[in-house]
Amino acid sequence: MISLFGISSLLVTLIVIYVSRFYYRYFTRKNPLPGPFPLPLIGNIHLSIGMGFNEFFTSMHKKYGDMFEIYLAGERNIVLCRADLTDKLNMPSTKSNFFTRFVTDEAFIEYELYGVGIGSNNDFESWKFNRQFFDQSILTPNFNYQAVEWVNVLCKEMESYWVDLGENYELDLSRWMHRFTNEIIFKVTTGIKNNSVASYYNSILESDNTLKGKKVETVETVEESDKFVKSVETYVRGLIYLTVCKQFVLHYVPFIREKWKSYLENKDYLLNKLGKVVKERKAEIENTPLDQPLRHDMVTSYITANTPRDINTVKRSGADLLRPVTDREIRGMVLDSLLGGTETVANVFCFIVYYLGRYPEVKQKVRRELDAVLGNDLTKLVTYENLEELQYCAAVINEVFRNCPVSFMMHRLNTESDNVGGYDWPASTRFLMLYSAIMKHKDNWTDPDKFDPDRWYKIEESDKYLLEKQKAKNVFPMFGGGIRICPGKKLAIIELKSLMIYFRKYDIEMADINAPLKLRREYINTAEDFIVKVKPRKF
Ligand code: HEM
């Protein structure tokens, strides 16, 4: 039997070997760049304690310049903070050497991310197949018209709850927005109304019986709906663990091991739930007579693709794209929609409300545009064409994002050796594009720290924002770039502009106008406890 002493000596030997190997690799690394000195296993992550990830990277940028190195989970990452350094990584071609976003390891596979869906899929052929169907279902004019209609209806429904709660009720806008985006994305993806907003409203009424509103009848219980919304948020948090912890840490380090186990349980719940939705819709389609039309949602589009009931109008070419989509693939794409489209839109809208509260002159300009485009009838439903006309609103969305990005960085790896920033890098080098720095770089923006939507609005009419005029297209990666650019960008803008229409009728007032925005700063920036009152606008 091995003695305790034997086990300890073995452990010490393994640690010494690991640490020596780590520092040997560190001191002999190719192209040493400026950056903080790393520790084995954790890298530089300890330096971020007490601040958010974005603040941490921003402080490193200030200290080490536009191209530096950071160690995460013991691995080297090359951080790029100027747009021209990222050009190659964002090349819009399937021949791109920078297709891969994350490293595939055992934990990645354990989280069921490999070879499925599009967001985290590292298998190029599988990604290409899935992305084609994703784009086909979401990038058509029909989809846009349908989305505008559904978003309109849900905006009206949410408005009715706010009116019932009364103008002095303090709403946590961040929570409402998460419900709103969850319901919309679920609806456009599956065609099913999951009543996420209504059940949140019910939960508020349940928790305070002095409120005057009337509970809404829904099939979903408050608990069920809560569980689903939270499971999507929890799944995203699990992705952060994957990125910053090595598999060994996830499986063996106390506390983190338990946390990881709970993320895996949550993953099983979420995937089972989505799998059930796909199965049920499949059965519905099979039971629908051939002469009856099928509704246009993303799941229906995936299920029917390359089958005799195909609802997609675009025909595919290439033998590898002609097979039907499997249930697992469909489930992966539904999950991608939820992951990509919930936190992002919800938080951008909260940040818009914050900036409009802080800049009343910008809010006035937004209102003037809404009045001009939508007229005096406050009950009229908006159209896709109306939304297209809202150019100043589009400028506000961009400027809010530039100043307060939700997704502030993005990863890439090179498949083959390549030159980036003047250095030759071996295959599988990890690059990290720091969007928050790129979007404020003095070489590309006039008064980069100033909040001014005019830098996006009719800039051809003056030379004030000359830099933006020349460069904004390439230096504003709100939706990323290259072949992996966000496929939900049109839907996101439809949702955000539709939500901004609330400002035509209401003042969304922050409880404390002087309080700084409270952010939960993790892998993405999210608003927390964002308390507002929704009052009728004073004309
Ligand atoms: C304001 C809202 C949004 C922002 C800021 C945003 C931002 C991004 C960014 C930065 C990327 C990475 C692109 C890259 O690597 O170059 C991305 C990818 C993605 N987004 Fe969005 N997004 C938003 C809304 C949405 C919505 C509504 C959906 C739902 C359909 C969505 C689905 C996705 C998917 C599936 C991907 C992965 C694409 C791929 O890897 O091929 N996003 N998004």
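General observations
- Note on region 308-454: Cα-Cα pairs beyond 22 Å make up 65% of the total pair count.
- Residues GLU217, GLU528, GLU343, GLU224, sorted by accessible area with the largest first, give GLU217, GLU224, GLU528, GLU343 [1.4 Å probe; ligands and nucleic acids excluded].
- Note on LYS63: lysines with a C-alpha under 28 Å away, same-chain residues under 8 apart excluded, are LYS30, LYS88, LYS246, LYS440, LYS442, LYS450, LYS471, LYS473, LYS518.
- For the chain, a crude dipole built from +1 on the beta carbon of Lys and Arg and -1 on the beta carbon of Asp and Glu, taken about the Cα centre, is about 820 debye to the nearest 20.
- Per residue, the solvent-accessible area of region 124-536 (1.4 Å probe, heavy atoms of protein chains only, all protein chains present) comes to 44 Å².
- Packing-based ranking of 143-153, 464-474 yields 143-153, 464-474, ordered from highest to lowest mean Cβ neighbour count within 10 Å.
- Whole-Hz couplings from phi, Karplus 6.51/-1.76/1.60, listed for region 324-330; x for Gly and Pro: x, 7, 7, 4, 5, 5, 4
- Where labels lie 7 Å past Cα in the beta-carbon direction, separation of LYS215 and LYS442 in nm: 6.0 nm
- For ALA527, the shell of other residues with beta-carbons less than 9 Å away shows a net charge of 0, using +1 for Lys and Arg and -1 for Asp and Glu.
- Per-peptide packing, taken as the mean over residues of other Cβ atoms within 10 Å, places 437-448, 196-207 in the sequence 196-207, 437-448 from highest down.
- For the chain, calculated [θ]222 nm from helices alone, where every DSSP H run of n ≥ 4 adds -39500 (n - 2.57): -16500 deg cm²/dmol
- Share of carbon and sulfur in the accessible area of region 124-536 stands at 53%, probe radius 1.4 Å.
- Calculated from backbone phi, Karplus (6.51, -1.76, 1.60) coupling profile of region 449-466 in Hz, x at Gly/Pro: 8, 7, 8, 8, x, 4, 5, 10, 10, 6, 5, 5, 7, 8, 9, 4, 10, 4
- For LYS518, distant residues with modelled amide H under 5 Å away: GLU528
- Counting only residues at least eight positions apart within a chain, or on another chain, the lysines with an alpha carbon under 27 Å from that of LYS276 are LYS128, LYS187, LYS193, LYS227, LYS230, LYS259, LYS261, LYS267.
- Signed unit charges on C-beta, dipole axis of the chain, positive-most listed residue PRO360, ALA527, ILE45: ILE45
- Part-to-part distance (alpha-carbon centres) for region 128-192 and region 245-297, which is given in Å: 20 Å
- Net charge over other residues, Cβ less than 13 angstrom from the Cβ of TYR384 (K, R count +1; D, E count -1): -3
- Within the chain, percent of DSSP bridges classed antiparallel, to nearest 5: 85 percent
- Over the chain: Rg over Rh, Cα atoms, Kirkwood Rh: 0.97
The values are calculated or read from the model by the stated rules, or taken from the named source; none is laboratory data. It should be emphasised that the depicted structure is a prediction, and the values quoted were computed from it without experimental measurement. Cβ sites come from the backbone with ideal geometry, for glycine too, and all protein chains shown count toward neighbours. Keep in mind that these areas ignore ligands, DNA and RNA; they rest on the heavy atoms of the full protein, side chains included. Shrake-Rupley method; radii C 1.70, N 1.55, O 1.52, S 1.80 Å.
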